[in-house]
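Here the structure comes first, spelled out in structure tokens, and everything after it is commentary.
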Amino acid sequence: MSPEETAIGRYYDENILAYELERLERHSPVEFLMTLRALSRWLPGTAGVAVDIGVGSGAYAAWLAARGFRLHLVDISIKLLEATAERLKREGHGSRISGCHHLSATELSTLPDACADVLLALGPLYHLRQSDDRRKAIREFTRVLRPDGLLFAAGINRMAFLRDAFRYSPEKGARLHERCLKFLQDGQLDPDIAPPIGFAHLTTAVEFDALFVGAFERIALWGLESLTSPAQEKLTELSPEDREAWLDIVERTAPLPDALGYADHFLYVGRRKSA
């Protein structure tokens with residue numbers, strides 16, 4: 001694990017563990033429920049082995065475990081790994097844990113070749129700032145997945161950071177002008193400019209899609225929150241009927257270029273090529 005990744009893991013452990021454990025369900029309901037819709041649509045009908053890299057709150061791991069998947073949990077944050085394992089045990093799914101791995105996505109050394117039917121990478125790619133490291137991660141995803149295995153991977157939209165910088169700190173425009181222009185070109189963030197996320201690489205839809213070319217056959221590329229960005233927390237205020245109606249609209253629009261430009265996150269769904 002690189003010094004930068006060690007720092008990221010420590011940052012999650014020491015500063016944002018509590019927030020991360022409630023982020024999806026409370027603060028990002030559209031991101032969460034749309035990802036679950038994608039998993040529901042494309043996962044195989046029979047349970048198998050899933051690798052969850054960047055476990056976060058354990059919400060996706062718990063969903064997979066409840067559907068019979070055996071799980072390898074991977075994260076650079078020891079405390080998030082522990083919290084996810086504790087959640088699965090608390091919810092009666094402890095027997096579904098095949099392993100907990102304190103590893104980088106770039107070197108999944110304790111996972112054997114072709115061991116997984118499904119791989120979730122819903123966090124690690126936007127913490128790998130160097131293109132070589134992102135490519136290493138893709139090679140590891142390919143190695144660990146069985147032929148025709150499914151990948152669900154997330155990236156953060158570069159424009160979302162600039163949108164929120166204007167939304168929350170417009171008075172810093174002159175001071176951040178040069179850094180924002182540089183960020184627009186390279187997508188690189190660090191704790192000085194973006195303390196909540198720290199070291200990160202934010203992407204564009206075109207760049208993110210291109211990352212998987214060659215190793216994966218694209219099934220879908222969604223602008224995950226689509227038209228609900230940046231007001232997705234309103235979903236928690238709605239009746240079940242209204243909530244599902246809006247999620248249907250989000251799903252219809254998510255593949256559109258306009259939605260990709262507007263969303264906070266991209267979700268890539270791909271199938272590992274056989275050769």
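Assorted remarks:
- Taking a straight Cα-Cα cut-off under 22 Å and skipping sequence neighbours fewer than 8 places away in the same chain, the lysines within cross-link reach of residue 273 are 136.
- Candidate aspartates and glutamates - alpha carbon under 17 Å from residue 182, same-chain residues fewer than 8 apart omitted: 164, 190, 192, 207
- Listed by chain and number, the lysines placed with their C-alpha closer than 23 angstrom to that of residue 89 are 79; residues fewer than eight positions away on the same chain are left out.
- Only beta bridges with both residues in the chain are counted; by DSSP, about 45 percent of them are antiparallel.
- Debye, to nearest 20: dipole size of segment 38-155, +1 on Lys, Arg Cβ, -1 on Asp, Glu Cβ: 160
- Using θ = phi - 60° and Karplus 6.51 cos²θ - 1.76 cosθ + 1.60, couplings along segment 69-77 (whole Hz; Gly, Pro as x): 6, 8, 10, 9, 9, 10, 6, 8, 9
- Amide H contacts under 5 Å for residue 225, placed H, 5+ residues apart: 264, 265
- Gaussian network model of the chain, Cα within-10 Å springs - most flexible of 242, 13, 264: 242
- Shape category assigned to segment 1-141 from the gyration tensor of Cα positions, a/c cut at 1.5: rounded
- Per-residue ellipticity at 222 nm from helix content only, as computed over the chain with -39500 (n - 2.57) for each DSSP H run of at least four residues, stands at -12500 deg cm²/dmol.
- Net charge, residue 96 excluded, C-beta distance under 12 Å - Lys, Arg +1, Asp, Glu -1: +2
- Residue-wise HN-Hα couplings along segment 265-273, as the Karplus relation 6.51 cos²θ - 1.76 cosθ + 1.60 with θ = phi - 60° gives them from phi, are 10, 9, 10, 9, 10, x, 10, 4, 5 Hz; Gly and Pro carry x.
- Dipole of the chain [Lys/Arg +1, Asp/Glu -1 at C-beta], most positive-end residue of 138, 249, 38: 138
We did not get these values from a lab; they are worked out from the coordinates using the rules stated. Here the structure is a predicted model, which is why all the values come from computation and not from measurement. Cβ coordinates were reconstructed from backbone atoms using ideal geometry, including for glycine residues, and neighbour counts include every protein chain displayed.
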